[in-house]
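Structure first, then comments.
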Amino acid sequence: MASEDIQQPNTPSMAGTSGASGQRLSADDFARRFRDSWRVLWCIAAGELGDRSGAEDIVQQAAVVALERLDDFDPSSNFLAWMAQIVRFTAKNEVQKVRRRRTSAADPVAIDASRSDDREHHDHRHAMPISRAGNLLDDQAVFDDHVLTALRSLDVVARSCLLLRVVLDSPYKEISLVLGIPQGTAMSHVDRARRALREHLLARQDRPAGGASR
């Protein structure tokens with residue numbers, strides 16, 4: 001049987017080196033680096049969850065885990081990559097927990113109906129938050145519920161790549177680093193995700209306000 005939670009990964013390039021070098025990241029340095037990394041970590045959490053509402057909690061939980069594991073971190077290595085990995089696994093744990101709770105405590109049909117009701121709650125005539133090129137509009141500071149609903153149609157990595165690229169304008173080198181994928185793969189994910197997101201939102205905008213036509 002699978003373990004209850006996904007265990008935090010070992011990171012050979014970052015773990016177990018602080019003791020050898022005699023270095024340890026101070027609480028103040030951790031707070032500064034964490035603050036500088038916050039927006040990237042939030043995007044990763046939102047990408048993993050497919051929902052922005054729980055992203056902040058995930059990042060905070062990951063910070064607690066990281067503080068407990070500071071002895072495993074080499075201050076000369078990349079803090080953002082280390083934290084990103086912890087955020088991703090913390091989010092995966094949460095997704096599994098929520099999935100188990102839903103499947104054990106509710107009828108799957110009722111769950112699907114509830115999700116459908118949530119989607120219909122939004123006004124289909126709402127102005128599109130992205131351009132037809134798949135870029136975030138100037139007045140759209142963050143992804144709103146319409147976009148995040150569309151993002152759920154993407155896989156986790158593509159969703160995270162798109163959030164990092166479009167919301168934060170992160171360079172592909174950084175996306176590659178924090179998600180542990182090649183730069184070319186990150187670029188492909190962003191391109192495909194933009195197309196899929198654009199098609200999803202255009203189809204949504206074209207639906208009648210009362211729902212899909214029969």
- Query: Being at pLDDT 90 or above, of a type in the set (Asp, Glu) and surrounded by 17 or more Cβ atoms within 10 Å (Cβ to Cβ), is that true of even one residue in the stretch 36-45?
  - Reply: no
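So which of 56, 48 ends up being loosely packed, with under 15 Cβ neighbours inside 10 Å and on the phi < 0 side of the Ramachandran plot?
Details: 48 fails: loosely packed, with under 15 Cβ neighbours inside 10 Å.
So the residue among 56, 48 that is loosely packed, with under 15 Cβ neighbours inside 10 Å and on the phi < 0 side of the Ramachandran plot is 56.
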- Item | Residues that are within 18 Å of residue 42 (Cβ to Cβ), part of a helix (DSSP H, G or I) and either at pLDDT below 95 or more than 14 Å from the chain's Cα centre (by Cα) (or both), drawn from the stretch 166-177 | 166, 167, 168, 174, 177
- Message: Quick check on the stretch 60-79. Is at least one of its residues touching a residue at least 60 places away in the same chain (Cβ under 8 Å), touching a Leu at 6+ places or on another chain (Cβ under 6 Å) and on the phi < 0 side of the Ramachandran plot?
- Response: no
- Any idea which of 33, 24, 102 is within 22 Å of the chain's Cα centre (by Cα), at pLDDT 80 or above and farther than 22 Å from residue 161 by Cβ? 33
- Item | Hits in the stretch 151-165 - residues which are within 15 Å of residue 199 (Cα to Cα) and assigned to a loop (DSSP other than H, G, I, E, B) | 152, 153, 154
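The values are calculated or read from the model by the stated rules, or taken from the named source; none is laboratory data. These numbers come from a predicted model, not from an experiment. Neighbour counts run over all protein chains shown; Cβ positions are idealised from the backbone, glycine included.
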